[in-house]
Structures are given as C-alpha cells and as structure tokens.
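These notes are about the structure you will find just below.
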Amino acid sequence: MATPVISPDAIRARFSAALSAMYRAEVPLYADLLTLVEAVNAAAGEATTGDPERHGAIRVGTAHELATLARAFAVLGMEPVGYYDLAPAGVPVHSTAFRPVHEAAIAAEPFRVFCSLLRLELIEDATLRAEAAEILARRQIFTPEALALLGRAEAQGGLDAAEADAFVAALLETFRWHADATVDSDTYRRLSQAHRLIADVVAFKGPHINHLTPRTHDIEAAQAAMLAHGIDAKDAIEGPPARRVPILLRQTSFKALTEPVRFTDQTGAQTGSHTARFGEIEQRGAALTRKGRALYDTLLAQALQGDPALPYAQRLAQAFAAFPDDLATLVDQDLIFVRHRQGAIEPIRYEDFLPVSAAGIFQSNLAGQSRAAYAAASSQAEFETALGRAVLDPFELYAAMASADEPSLQP
Ligand code: OOG
Ligand code: NI
C-alpha cells in the first residue's frame, strides 16, 4: 500500500463520533441527555465536551451477522471480551463486548459495543422459529461498500485515511434506524408475543443502534437531573451502591421510546409502533479480581433476595457494607486490580459489563413485560462458534495490565 494506514484507534474514534452524531439526530432525547450529562459533569468540575466516553449496544440475528461484525470491529481495534448469558434473566440472547484491549488503545478511545446474538432456539413455537430464521436469512445488514472495504482492510492490513472515512460511513449504515419493517403487522405481533426482543431483532432491515451511553463521575446527580427534566428514567441505578472507592459499573437509562414504524401490509398514513431505542448513563470504577467479583456477586444476590419490604437501595447498601471501601484494604485483600504508577497505586478501570445490570437495562425495552428465566443452559461454546473465534477473558486482560511494567516516562 502506497499511503500510510490509519491506526485502528483513530478509525474507532471516527466511528464513535459518527455514530453519536447519527444517534443524536435520530433520537433528539439522546442529544438532550448528552447536554444534561455535560452540565452535571461541568458542575462537578470536569469538562467532557468533545470527549464523552461512550458505549453502545446492538442485537443481531444470525451467526453470519455476528461473525462479520467481529471482523468489522477488528478493523476498529475492538475485540470480543467476555461472555454474557441473559437467558437466566428471561432475555433470549447471549452477548459479548467488543472493545479495545490494550492500555494505550483504551486511553486513546475507550468506545465499546455490547453486542447480543438472538438465541432462536429459545423460540418455543417451532413454526415461528422457522419463520424467524427464514426472515433473517433473507436480509443483508452490511452494504456492498462496507464488505468491500472490510475485505480490503484485511488484505492490506489496514486502511488509508480516505478508505477509513469511506469504511466508517458505510459501516454506519448497518447501525441506522429503519422505520420500514420487513414483516407484516401480524408477523410482528406473533414475534412480539414470543418476546419483544425477538421482534426487535427479526422484524427490521438491520440491527439499529439501540442506545449510546455517555459517562459521568456522579451518576446520582445525573439520575436526579433526568428526573428533574421530566425524563422517564429507570427507577433504580444498576450495579453496586455509591461508594468512596467506586467499583465496576453503575448505570441508569431513560426508558425506550415508542416510535412509529410501518409494516409491509400498511399503506398511506397507516403506521404501527415499536419500542427499542433509549439513552443510558454510566459511571465506571475499579476492575475486580476474581475474588472481588465473587464477593460482588454474593452481595448482589443477597440484596436482590433481601426483605422485599425494604427499599432496594437500602438492601443494596446493607449487603455491600461487607465490601471494603478503602483502597488499602481493597488492595490488601486482593479485591481490585491496580497499577503502580510513580510510586502510587491507582485502580485499573473496569472496561466491561455486568450481566445482572445488562438484564436490568434490557428491561427498559420491555414496557414492564418481563418473563421468567429461560431454562436453557449457558452456551459460550455455541456463541464462539457463531462468532468465529473465542472471546477473550476479561480477568486475564486486567491481570496483564496490572503486571505491565511501569512506563519509564519521566513526569
Ligand atoms: C444491551 C443492554 C446491555 C449495558 O449497558 O449493560 C447494555 C441491549 O439493550 O441491547 O448495554
Ligand atoms: Ni448499555
């Protein structure tokens, strides 16, 4: 190649900015949310304008869609990390997070995408299951340009500046909203009855981005600001309670909007509706070791199963009283990952997601229609077969960051 390649980090930054611009235009309430979070962050003395760290989420329907996305995200320097099984929470998908994995790449642009694959085998009605598979087999979620540039990136080992811009623009089409459904209203109704998320994945031309997520260091203030602005926010913040030393990930969102769509049997001014798209806010804290994570899971289960007469926030605070909340003890007890920098200890930020929290975020799409756990076994092996590769183990990535040599840069 004659012209120099653009770094995957730079392509990811361009893609993240383009996706944000598209989503702000598509979902004005998301633009309002960004403004509100910027104000909350500014009040806390930090400027995020121009640098709002984000994640997004999409849901795909077939192994081929997932594998092709994995190839596309690789061009953006993002690899699949972790396996999330949502079936126990009554959501018929399993998921991974595509994200940068090296410290410098994360520092350059931490944008991540939570990506779910529909588990068609969880559609109980065999006729509907076959119909859904057939509908999905007919669609192509990538443009010819995106596929051609993906092939070129793989053959050349990267893209030059003009190719990178063209690839970002072409890939963006996969994430765009399509108000025209690919099915008639009766098929949509039957898919929705099986599960609203099945209809969301199957009935449209592509896996529209369903939310983006700016970050804050004060999620309590951000949640209060949403409510003060009359935004229909989730009742509770997902994840651990507020702490002196933040751990893992706390999240809240506004509930998904009901938007007009058109089914194939509708003509003229007739429209139907679909509920899928929302906005979220995240606050990240320290990555936990396996030992720390086991403690987190135990305490969270205690809070969830605690006395239902008590408010959830109170149960959560009570359960987490058993989780040390000062840096020295967290390090002594080997509960968090830290890096040593210039003689000081600094927690390593958690870059991943949490299955119980993710299930809570999915609920924002379901308008109160939650269902019981699917009995299906977790199937990471099947997910990896669909993906075309193994997912990376997040604990190993954090351990590698913790043991990396201290950079020898002088201050
Ligand atoms: C993904 C929900 C999970 C998160 O932040 O935990 C998620 C979805 O609704 O598709 O994004
Ligand atoms: Ni999210």
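From the list Leu191, Leu172, which residue is at pLDDT 95 or above, surrounded by 21 or more Cβ atoms within 10 Å (Cβ to Cβ) and aliphatic (A, V, I, L, M)? Lay out the reasoning, then the answer.
On the way: Leu172 fails: surrounded by 21 or more Cβ atoms within 10 Å (Cβ to Cβ).
After ruling out the rest, the residue left standing is Leu191.
Residue by residue, here is whether (1) surrounded by 20 or more Cβ atoms within 10 Å (Cβ to Cβ); (2) within 16 Å of ligand 2 (Cβ to nearest atom) holds:
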| position | (1), (2) |
| --- | --- |
| Asn210 | yes, yes |
| Glu220 | no, no |
| Pro246 | yes, no |
| Gln266 | no, no |
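Within region 123-131, does at least one residue satisfy the condition of being within 16 Å of ligand 2 (Cβ to nearest atom) and of a type in the set (Lys, Arg)?
We begin by selecting, within region 123-131, every residue within 16 Å of ligand 2 (Cβ to nearest atom); these are none.
No: region 123-131 contains no residue that is within 16 Å of ligand 2 (Cβ to nearest atom) and of a type in the set (Lys, Arg).
Pick out, from region 274-378, the helices (runs of 4 or more DSSP H) lying fully within it that include 1 or more residues that are away from ligand 2 (no atom under 16 Å from the Cβ), at pLDDT 95 or above and surrounded by fewer than 19 Cβ atoms within 10 Å (Cβ to Cβ).
Details: elements: 290-305, 312-320, 327-332, 355-363.
Hits in region 274-378: 290-305, 312-320, 327-332.
As an exercise: evaluate Gln156 against (1) over 25 Å from Thr143 (Cβ atoms); (2) polar (S, T, N, Q); (3) away from ligand 1 (no atom under 16 Å from the Cβ) and give the number of the one condition it does not meet.
Condition (1) is where Gln156 drops out.
Can you pull out every residue in region 133-160 that is under 24 Å from the mean Cα position of the chain (by Cα) and not in a loop (DSSP other than H, G, I, E, B)? Please lay out each step first, then the result.
Within region 133-160, the first condition is being under 24 Å from the mean Cα position of the chain (by Cα), and the residues that meet it are 136, 139-143, 146-147, 150.
Within region 133-160, Leu136, Ala146, Leu147, Leu150 qualify.
Hey, any hits in region 335-355 for a residue that's more than 26 Å from the chain's Cα centre (by Cα) and among the polar types (S, T, N, Q)? Reasoning before the result, please.
So the first thing to find is which residues in region 335-355 are more than 26 Å from the chain's Cα centre (by Cα), and the list is 340-345.
In the following step, the residues that additionally are among the polar types (S, T, N, Q) were identified as 342.
Checking region 335-355: at least one residue is more than 26 Å from the chain's Cα centre (by Cα) and among the polar types (S, T, N, Q).
Listed here are the residues, each with its yes/no results for (1) away from ligand 1 (no atom under 16 Å from the Cβ); (2) touching a residue at least 24 places away in the same chain (Cβ under 8 Å).
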site	(1), (2)
Lys291	yes, yes
Ala313	yes, yes
Ala317	yes, yes
Phe323	yes, yes
Ala328	yes, no
Leu335	yes, yes
His340	yes, yes
Gly343	yes, no
Gly360	no, yes
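Can you find, within region 42-87, the residue that is farthest from ligand 2 (Cβ to nearest atom) among those that are over 16 Å from the mean Cα position of the chain (by Cα), of a type in the set (D, E, K, R) and modelled with pLDDT of 95 or more?
Looking at the filtered set, the residue picked out is Arg71.
The values are calculated or read from the model by the stated rules, or taken from the named source; none is laboratory data. Fair warning: this is a prediction, and the values are worked out from it, not measured in the lab. Here Cβ is always computed from backbone atoms with ideal geometry, including for glycine, and neighbour counts include all displayed protein chains.
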